[in-house]
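Contents: one structure, followed by commentary.
The values are calculated or read from the model by the stated rules, or taken from the named source; none is laboratory data. Since the model is a prediction, treat every value here as computed from it, not as a measurement. Quick reminder, even Gly has a Cβ in these numbers, built from the backbone with ideal geometry, and neighbours come from all protein chains shown.
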Amino acid sequence: MANPLLKSTSTILGIESSCDDTSASVIQNGEIRSNIISSQEIHRKYGGVVPELASRAHQSHIIPVIHEALETAKVSKKDLDAIAVTQGPGLMGSLIVGLNTAKGLAMSLGIPLIGVNHLRAHVSALQIENKIEYPMLCLLVSGGHTQLILQHNENDAEIIGSTIDDAVGEAFDKGSKILGLGYPGGPVIAKLAEKGNRDFHTFPDSQTKDLDFSFSGIKTSLLYWLRKELEINSEFLNEHREDICASYEKSLVNMLLKRVKKALKIHNVKSLGLVGGVSANRLLRIEMKEMGNRHNLQVYIPSFEYCTDNAAMIAKAGEILFRHGDCIGLEAKPYTRA
Ligand code: KG4
Ligand code: ZN
C-alpha cells in the first residue's frame with residue numbers, strides 16, 4: 001500500500017551498471033528528463049563482455065555520466081528526493097560500482113536509496129510511455145534472460161515461463177560469433193537479415209515443458225549445419241550470409257512467439273508487452289504487434305532508447321518503489337542472479 005505521508009511529486013536519479021553500459025537518468029514527477037548511456041566499445045574485440053574490463057570502465061564513466069544526466073535535466077543534487085540503482089541481477093564487479101556510487105550519494109545527500117531489480121526495470125520501461133492495461137502478458141528478452149511474465153498490476157508479477165539454458169539474446173550473440181560477425185550479435189544479424197531470404201533454412205525448435213524456452217540447441221544446430229555446408233562449398237557463408245542471418249532470426253522469433261501464443265491460451269490478459277534488449281528487433285516487434293491484433297490486445301513495446309540497458313527504466317522502477325516506500329539500507333549487497 002502506498003504510504004500517504006510520502007510526497008506525490010519526486011525527483012529521482014537512476015543509475016544502471018549491471019553489465020557493460022554505464023547509464024544515469026533523472027525522472028521528475030513521472031517524466032524522464034535525461035537518459036545518458038555510455039556503452040563500452042572495448043568488449044567488441046573479445047566477442048563478448050569481459051567482466052573485469054566492464055567494472056574498470058564503469059569506474060571511469062560513472063561520475064561523468066551522472067553529472068551529464070543532472071546537467072541535461074537541469075537538476076542539482078540538492079533537488080533529488082532519492083537515488084535508485086540496479087541492485088541485481090548482473091555482473092558482480094559492475095553492480096558494485098553502481099551500488100557503491102549510489103550509496104555514497106544517498107549518504108552524503110541524506111536521502112533514501114532504492115534498490116531496483118534490473119529485470120523488473122525492463123518491464124517498467126513500458127510505464128514510461130504508456131498507461132498499462134492489466135493484467136499484461138510480458139515477454140522479457142535480453143542478453144541474460146528470457147521470461148514470460150504475468151504482470152497483475154504495476155507492483156505484482158509472476159514468472160510463468162523461463163529459459164532452461166541460454167537467453168535469446170545469447171543465441172543472437174553466439175550465432176553472430178559462429179558467423180564471424182561482431183558483438184553484440186543481435187543488431188548485426190538483424191541488419192544483414194533485412195536483405196536475406198527468411199525461408200532459406202529452418203532451424204529446429206527444442207522441446208521444452210509448459211511455457212519454458214531453450215536456445216542452446218539452435219546455435220549448435222547453426223554450427224553443425226554451417227560446417228557441413230562449408231565442406232560441400234567453401235564459399236557457402238560468403239554467398240549466403242544474409243540468408244543465414246534471416247533464417248536464424250526468423251527461427252528465433254518463431255520460438256518466442258510459439259510460447260507467447262501458448263500462454264495466451266492459458267491466461268486471460270488485457271494486453272501484451274515486449275521488453276529487454278532483444279525487443280529492439282524489428283521482426284519481433286512486428287510479429288508481436290500482429291499477435292496482439294489477432295487476439296484483440298493492446299501491445300506495448302518501448303521506444304528504441306528504452307529497449308537495451310538504460311537508467312531511465314531504473315529511475316521509473318525506482319519511482320514506483322519510492323511511492324510504495326520501498327527503500328534499502330546502506331548495508332544492502334548486490335546480487336548476481338535473479
Ligand atoms: O537488455 P540488454 O541491453 O542487456 C541485458 O540485460 O542483457 O540486452 C542485450 C541483448 C544482446 O544480446 C543483444 O544482442 C540484443 O540484446 N539485441 C538485439 C537487438 N539489439 C540488441 N537482438 C536482436 N535484434 C536487435 N536489434
Ligand atoms: Zn538488461
Looking at (1) within 20 Å of T146 (Cα to Cα); (2) in a loop (DSSP other than H, G, I, E, B); (3) touching a Leu at 6+ places or on another chain (Cβ under 7 Å), which is the only condition T308 fails? (3)
Would you pick out the residues in the stretch 240-284 that are over 15 Å from V168 (Cβ atoms), of a type in the set (S, T, N, Q) and not in a helix (DSSP H, G or I)? N268, S271
Considering only the stretch 172-197, how many residues are near ligand 1 (Cβ under 9 Å from one of its atoms) and touching a Lys or Arg at 6+ places or on another chain (Cβ under 6 Å)? 1
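Quick check on this structure: which one of L297, L264 is away from ligand 1 (no atom under 16 Å from the Cβ) and touching a His at 6+ places or on another chain (Cβ under 7 Å)?
Values: L297 fails: touching a His at 6+ places or on another chain (Cβ under 7 Å).
It is L264.
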Scan the stretch 7-29 for residues that are small (G, A, S), in contact with an Asp or Glu (Cβ under 7 Å, 6 or more places away or on another chain) and surrounded by fewer than 20 Cβ atoms within 10 Å (Cβ to Cβ) and report the count. 1
Of the conditions (1) surrounded by 23 or more Cβ atoms within 10 Å (Cβ to Cβ); (2) of a type outside the set (D, E, K, R); (3) within 24 Å of S214 (Cβ to Cβ), S124 fails just one. Which one is it? (3)
Which condition breaks for S162 when tested against (1) surrounded by fewer than 20 Cβ atoms within 10 Å (Cβ to Cβ); (2) of a type in the set (S, T, Y); (3) more than 16 Å from ligand 2 (Cβ to nearest atom)? (3)
Could you list all residues from the stretch 50-88 that are over 15 Å from L105 (Cα atoms) and aliphatic (A, V, I, L, M)? V50, L53, A54, A57, A73
Mind checking which pairs have a first residue in the stretch 142-155 that is more than 16 Å from M313 (Cβ to Cβ) and a second that is within 10 Å of ligand 1 (Cβ to nearest atom) and at pLDDT 95 or above, Cβ under 6 Å, 6 or more apart or different chains? T146/A167; T146/V168
